[in-house]
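Asks: Take a look at the following structure, please.
The values are calculated or read from the model by the stated rules, or taken from the named source; none is laboratory data. Fair warning: this is a prediction, and the values are worked out from it, not measured in the lab. Heads up, the Cβs are rebuilt from the backbone with ideal geometry, glycines too, and the neighbour counts pull from every protein chain shown. Accessible surface is based on the protein model in full, side chains and every heavy atom, while ligands, DNA and RNA are left aside. Shrake-Rupley method; radii C 1.70, N 1.55, O 1.52, S 1.80 Å.
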Amino acid sequence: IIFLFSYYWVLQTLEAMVQIVTASLIGEWWHYPDEEVETVSLGLTQAMKRACTYSFGSASTGGLLFAFVQALRQIRSWSRTRVKFVADAMDCLLGIILFSFDYVNAWAYVYIGIYGYSYSDAGKNVATMLQRKGWTGVISSELAGNAFIMAKLAVGLFTGFIGLILSVFDHRLLEGIGLRQYYDKAGFIIGVFVGFMVSSVILAVVSSALNSVIVRFAESPLEFAENHPSLSRRMESAWRSKISDGTNSRV
């Protein structure tokens, strides 16, 4: 449990920092399209500095909450096969936590990156904005999230098999950490964890960019049309098709 808690905390904190940096850059690009584009721009360095200092507490807080929920879920899955009462109690506790922190999600990192809010304030403010705009149906969609999860699992399994092959060909690889027995299984598990973590951090850039564009489009459609007219027309066309499928919104 302690290992999983630490793993999820570190993973979610890294993802949060990447999402905050990405949201900050999307916000800058949205309003200042004529800024000089470089591989390592001033905006990127400032966003990274802010994510590692001022917004680090918000990132670690979000990671802590996620790690806590994941640890409870793991305890629930283990207790379900032993004591049904404990599992039912864990289900109730998880429901209360998830209901209380319904605004604690990846959308909060967009406001943290753009406006520098704290984690709780960012979550409440972005949820209020999306609800006022009538865009709650957008944030409830899990299509992109499911695609990201499948990609992470695929990368994790791939790196797991690489770890399995390496541990089989060289048994001494894991002796330094005291894994002389079951080295093949240990190599596979370590490979899965490493691959899942690396892919999660990399895909956080894509998911954060998607969330940031949606939030910016909900808040500042006129600036988008003025600074990026062609992209704005494509976005409006896609959104109208979304509305025609039954989703209501107020831009």
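Asks: Somewhere in segment 76-83, is a residue open to solvent by less than 40 Å² (accessible area, probe 1.4 Å) and either at pLDDT below 80 or among the acidic types (Asp, Glu) (or both)?
Replies: Initial filter on segment 76-83 (open to solvent by less than 40 Å² (accessible area, probe 1.4 Å)): 79.
Add one more test, that the residue is either at pLDDT below 80 or among the acidic types (Asp, Glu) (or both), and what stays is 79.
Yes, segment 76-83 has at least one match.
Asks: For segment 96-118, name all the residues that are of a type in the set (Ser, Thr, Tyr), over 13 Å from Ala51 (Cβ atoms) and modelled with pLDDT of 85 or more. Working first, answer last.
Replies: Let us first name the residues in segment 96-118 that are of a type in the set (Ser, Thr, Tyr), namely 100, 103, 109, 111, 115, 117-118.
If we keep only those that are over 13 Å from Ala51 (Cβ atoms) too, we end up with 100, 103, 111, 115, 117-118.
Selection gives Tyr111, Tyr115, Tyr117, Ser118.
Asks: Could you give every pair whose Cβ atoms fall below 6 Å, whose first residue belongs to segment 214-225 and is closer than 14 Å to Glu28 by Cα, and whose second residue is open to solvent by less than 10 Å² (accessible area, probe 1.4 Å) and among the β-branched types (Val, Ile, Thr), counting only separations of at least 6 or pairs across chains?
Replies: Short answer, once both residue conditions are applied: Val215/Val110.
Asks: Restricting attention to segment 42-64, which residues are crowded, with 17+ Cβ neighbours inside 10 Å and of a type in the set (A, V, I, L, M)?
Replies: Ala47, Met48, Ala51, Ala59 - these are the residues of segment 42-64 that are crowded, with 17+ Cβ neighbours inside 10 Å and of a type in the set (A, V, I, L, M).
Asks: Between a first residue in segment 49-73 that is at pLDDT below 85 and a second residue that is open to solvent by 30 Å² or more (accessible area, probe 1.4 Å) and among the small types (Gly, Ala, Ser), which pairs have beta carbons less than 9 Å apart while being 6 or more apart in sequence or on different chains?
Replies: Matching pairs, first to second residue: Gly62/Ala106; Ala67/Ser6.
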